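*Asks:* Encoded as structure tokens, here's the structure I'll be asking about.
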Amino acid sequence: MDKKKLILIGGGGHCKSCIDTIVSVKEFEIAGILDIKEKVGESILGFKIIGTDEDLHRFPANDYYFLITIGQIQNAGLRKGIYEKLKSTKCRLATIISASAIVSKYSTVGEGTVVLHGAKINAASNIGENCIINTNANIEHDCKIGRHVHISTNVVVNGGCVVYDECFIGSNSVLINGITVAASSVIGAGAVVNRTLIEPGVYVGNPCRKIEK
Amino acid sequence: MDKKKLILIGGGGHCKSCIDTIVSVKEFEIAGILDIKEKVGESILGFKIIGTDEDLHRFPANDYYFLITIGQIQNAGLRKGIYEKLKSTKCRLATIISASAIVSKYSTVGEGTVVLHGAKINAASNIGENCIINTNANIEHDCKIGRHVHISTNVVVNGGCVVYDECFIGSNSVLINGITVAASSVIGAGAVVNRTLIEPGVYVGNPCRKIEK
Amino acid sequence: MDKKKLILIGGGGHCKSCIDTIVSVKEFEIAGILDIKEKVGESILGFKIIGTDEDLHRFPANDYYFLITIGQIQNAGLRKGIYEKLKSTKCRLATIISASAIVSKYSTVGEGTVVLHGAKINAASNIGENCIINTNANIEHDCKIGRHVHISTNVVVNGGCVVYDECFIGSNSVLINGITVAASSVIGAGAVVNRTLIEPGVYVGNPCRKIEK
């Protein structure tokens with residue numbers, strides 16, 4: 001079977017993680033990368049930067065899939081904006097799940113979301129669109145993750161948690177069972193979230209506390 | 001070969017994680033779930049709640065295996081009580097190890113214990129009966145884990161540690177090399193246990209300190 | 001194909017983790033272990049301690065590979081000294097990568113380095129010689145790890161980090177994106193390294209702070 005042609009949008013570090021995962025799944029072949037004008041012609045792990053997001057019209061929606069490979073630290077705005085642009089032009093987004101990730105057959109993963117190496121999504125959980133479920137992240141049973149959320153490396157989201165849209169959950173942090181995190185919240189690396197966070201904000205530490213940022 | 005018939009006791013969230021693991025191993029088929037009377041007739045991921053623990057006698061010990069799928073946060077009493085009831089009636093408990101877990105051939109896992117997705121048990125370690133070794137937990141070499149212990153998600157138990165009976169080791173906490181944790185202790189999520197804990201209690205933080213609870 | 005004969009140097013706890021990994025890869029057969037004189041004749045997981053490092057000359061460099069299986073907590077001196085002795089006598093060091101580890105094809109791993117179960121090395125990262133990349137450690141994209149470094153269990157080294165020679169990065173600690181850790185630094189278990197550490201030292205806590213030691 002022919003592989004599906006995939007255009008990556010964003011040629012930075014996160015793009016490399018995505019490429020490593022995409023080549024593990026064999027469903028897609030990378031047709032090229034889009035980035036800023038100054039980087040056109042460069043290569044990322046052997047794949048060419050072939051244009052900018054002004055060139056989207058060159059890739060007919062029937063022939064290509066797209067994946068947003070821009071990273072997301074804190075603010076989800078950039079990834080969300082591109083997602084909405086792609087949707088408004090009827091582009092199809094790829095959903096990528098690493099061959100070494102484990103996604104329960106009782107769970108769902110939204111379009112445009114990437115699940116990187118060793119990440120786990122346990123039973124009865126739902127992951128929204130355009131999320132990054134990063135390497136080794138562990139989302140337990142009965143969770144609900146919104147859209148444009150980045151669950152970073154080695155994060156643990158325990159059973160029954162809800163993470164609303166556009167959150168950034170920092171590396172190696174942990175959410176205890178059954179809590180909710182307000183939309184657009186930022187959780188610092190290594191934080192322990194031991195209660196529901198109703199108010200959006202930046203939270204760090206063990207137990208986590210809100211800081212100005 | 002015919003699969004072994006398995007009865008699950010407890011139909012909550014942890015049961016879902018267990019089901020996801022059981023269907024990965026192909027050794028057992030789930031014959032039904034027992035829970036409280038009010039839930040009889042409901043389904044968990046497509047498996048029926050067919051009775052309560054008053055119905056154990058309906059499942060002859062020669063024909064069925066049992067797994068306790070009640071979760072364990074803090075107190076081990078409930079899981080321990082059911083375990084003792086099963087043993088007193090000569091029931092056989094299943095030992096379940098996820099297809100994606102890694103258990104050293106130089107180690108042992110007690111009956112009634114479940115080792116969930118991606119968990120690791122390194123060489124020369126012994127895990128007791130009726131434990132939960134949760135998703136991504138990592139038990140290193142030369143450890144001894146007692147009975148009725150819950151090693152929660154993403155916990156690290158480093159080499160040469162001893163965890164006595166009925167402990168709860170919270171999500172993403174870490175025990176440094178060669179320490180011992182007293183029976184019935186509770187370690188909070190994200191705690192760093194950097195010394196032997198002789199006195200049972202609730203310990204949280206980095207480094208961990210005892211709190212009243 | 002005949003397996004390559006491998007001599008292990010060091011018969012303690014870390015040696016057991018190494019054996020568990022070596023038997024997973026099938027490329028090498030363990031020909032014996034070297035340790036102190038008092039332990040000669042003992043067995044580690046069924047493999048004999050057959051001599052001390054005074055006996056290296058008995059194992060011709062053309063016929064044998066070597067792996068240093070001494071652990072490394074804090075000080076790298078012992079492992080480094082043996083490494084230099086082996087190199088000065090033209091011995092070949094094995095590079096061991098667990099069957100369950102994931103090492104990107106876009107990355108490199110130096111000789112004498114062991115990558116244990118479930119560890120991950122993402123794209124465009126380089127790992128130096130004689131390192132321990134311990135169970136479940138996660139080294140993200142674009143990292144550079146020096147020589148004689150121990151990245152302990154469940155550590156996260158996020159994208160673009162540099163860890164200089166002879167560091168010990170403690171269990172379950174996390175380095176945020178793009179930071180550098182000075183040579184010979186010691187990072188405590190569970191520490192959150194949220195900035196570049198220019199000065200060598202011992203760092204613990206969240207966020208990490210330097211302590212006297």
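*Asks:* For the stretch A:203-212, does any single residue satisfy the condition of being in contact with a Pro (Cβ under 9 Å, 6 or more places away or on another chain) and either within 26 Å of residue A:86 (Cβ to Cβ) or among the small types (Gly, Ala, Ser) (or both)?
*Replies:* Yes, the stretch A:203-212 has at least one match.
*Asks:* Still on this model: Which numbered condition in (1) out of contact with any Gly (no Cβ under 8 Å at 6 or more places or on another chain); (2) more than 14 Å from chain A (Cβ to nearest Cβ) is the only one that residue B:178 fails?
*Replies:* Of everything listed in (1) out of contact with any Gly (no Cβ under 8 Å at 6 or more places or on another chain); (2) more than 14 Å from chain A (Cβ to nearest Cβ), residue B:178 misses just condition (1).
*Asks:* Another one. Select from the stretch A:195-213 the residues that are within 19 Å of residue A:74 (Cβ to Cβ), β-branched (Val, Ile, Thr) and either within 23 Å of the chain's Cα centre (by Cα) or not assigned by TED's automatic domain parsing to the domain that holds residue A:174 (or both) and list them in ascending order.
*Replies:* A:202, A:204
*Asks:* Something else about it: Is it the case that residue B:122 is of a type outside the set (D, E, K, R) and either at negative phi or in the same structural domain as residue B:26 (by TED's automatic domain parsing) (or both)?
*Replies:* Yes, satisfied.
*Asks:* Okay, next question. Kindly indicate whether residue B:147 is more than 24 Å from residue A:156 (Cα to Cα) and either small (Gly, Ala, Ser) or within 18 Å of the chain's Cα centre (by Cα) (or both).
*Replies:* When the stated conditions are applied, residue B:147 passes them.
Residue by residue, here is whether (1) under 19 Å from residue A:99 (Cα atoms); (2) of a type in the set (A, V, I, L, M, F, W, C) holds:
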{"site": "A:19", "(1), (2)": "yes, yes"}
{"site": "A:24", "(1), (2)": "yes, no"}
{"site": "A:31", "(1), (2)": "no, yes"}
{"site": "A:35", "(1), (2)": "no, no"}
{"site": "A:44", "(1), (2)": "no, yes"}
{"site": "A:53", "(1), (2)": "no, no"}
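*Asks:* Buried (at least 24 other Cβ atoms within 10 Å of the Cβ), under 26 Å from residue C:193 (Cβ atoms) and away from chain A (no Cβ under 14 Å) - does that describe any residue in the stretch B:151-158?
*Replies:* yes
*Asks:* Of all residues being polar (S, T, N, Q) and buried (at least 19 other Cβ atoms within 10 Å of the Cβ) in the stretch C:108-127, which is nearest to the other protein chains (Cβ to nearest Cβ)? Just the residue, please.
*Replies:* If we take residues in the stretch C:108-127 being polar (S, T, N, Q) and buried (at least 19 other Cβ atoms within 10 Å of the Cβ), then C:122 is nearest to the other protein chains (Cβ to nearest Cβ).
*Asks:* Please give the strands (runs of 3 or more DSSP E) falling wholly within the stretch C:1-76 in which 1 or more residues are surrounded by 14 or more Cβ atoms within 10 Å (Cβ to Cβ), free of Cβ contacts under 8 Å to residues at least 40 places away in the same chain and within 14 Å of another protein chain (Cβ to nearest Cβ). Explain how you work it out, then say what you get.
*Replies:* Values: elements: C:4-9, C:28-34, C:47-51, C:64-68.
Where strands (runs of 3 or more DSSP E) fall fully within the stretch C:1-76 and carry at least 1 residues being surrounded by 14 or more Cβ atoms within 10 Å (Cβ to Cβ), free of Cβ contacts under 8 Å to residues at least 40 places away in the same chain and within 14 Å of another protein chain (Cβ to nearest Cβ), they are C:28-34, C:47-51.
*Asks:* Does the stretch C:174-194 contain any residue that is within 14 Å of the chain's Cα centre (by Cα), crowded, with 22+ Cβ neighbours inside 10 Å, farther than 23 Å from residue A:151 by Cβ and at pLDDT 95 or above? If you could, list the steps in order and put the result at the bottom.
*Replies:* Applying the first criterion (within 14 Å of the chain's Cα centre (by Cα)) to the stretch C:174-194 yields none.
No: zero hits.
*Asks:* Quick test of your reading of the structure: residue A:61 fulfils all but one of (1) of a type in the set (Gly, Ala, Ser); (2) modelled with pLDDT of 95 or more; (3) farther than 20 Å from residue A:139 by Cβ. Name the failing condition by number.
*Replies:* (2)
*Asks:* Filter the stretch A:173-199 for residues that are over 15 Å from residue A:152 (Cα atoms) and not hydrophobic (A, V, I, L, M, F, W, C) and give the result.
*Replies:* Result: A:177, A:178, A:180, A:194, A:195, A:196, A:199.
*Asks:* Let me ask something additional. Inspect the stretch C:78-87 for any residue being on the phi < 0 side of the Ramachandran plot, free of Cβ contacts under 8 Å to residues at least 24 places away in the same chain, among the small types (Gly, Ala, Ser) and assigned to a helix (DSSP H, G or I) and give the result as yes or no.
*Replies:* For the stretch C:78-87, residues on the phi < 0 side of the Ramachandran plot, free of Cβ contacts under 8 Å to residues at least 24 places away in the same chain, among the small types (Gly, Ala, Ser) and assigned to a helix (DSSP H, G or I): present.
*Asks:* Let me ask you something else. When you look at residue C:162, is it more than 22 Å from residue A:100 (Cβ to Cβ), surrounded by fewer than 24 Cβ atoms within 10 Å (Cβ to Cβ) and more than 10 Å from every other protein chain (Cβ to nearest Cβ), yes or no? Steps first, answer last, please.
*Replies:* Details: more than 22 Å from residue A:100 (Cβ to Cβ): yes; surrounded by fewer than 24 Cβ atoms within 10 Å (Cβ to Cβ): yes; more than 10 Å from every other protein chain (Cβ to nearest Cβ): yes.
Judged against the criteria, residue C:162 is a match.
*Asks:* Look at residue C:134 and say whether it is without any contact (Cβ under 8 Å) to a residue 40 or more places away in the chain and under 21 Å from residue B:172 (Cβ atoms).
*Replies:* Taking the combined requirement at face value, the residue does not satisfy it.
*Asks:* For the stretch C:103-121, does any single residue satisfy the condition of being assigned to a loop (DSSP other than H, G, I, E, B), of a type in the set (Asp, Glu) and under 13 Å from the mean Cα position of the chain (by Cα)?
*Replies:* yes
*Asks:* Additional query: Taking only the stretch C:157-213 into account, find how many residues are within 19 Å of residue C:134 (Cα to Cα) and not in a loop (DSSP other than H, G, I, E, B).
*Replies:* Residues in the stretch C:157-213 being within 19 Å of residue C:134 (Cα to Cα) and not in a loop (DSSP other than H, G, I, E, B): 12 in total.
The values are calculated or read from the model by the stated rules, or taken from the named source; none is laboratory data. Since this is a predicted model, take the numbers as computed values, not measurements. Please note: Cβ atoms are built from the backbone with ideal geometry, for glycine as well, and neighbour counts cover all protein chains shown.
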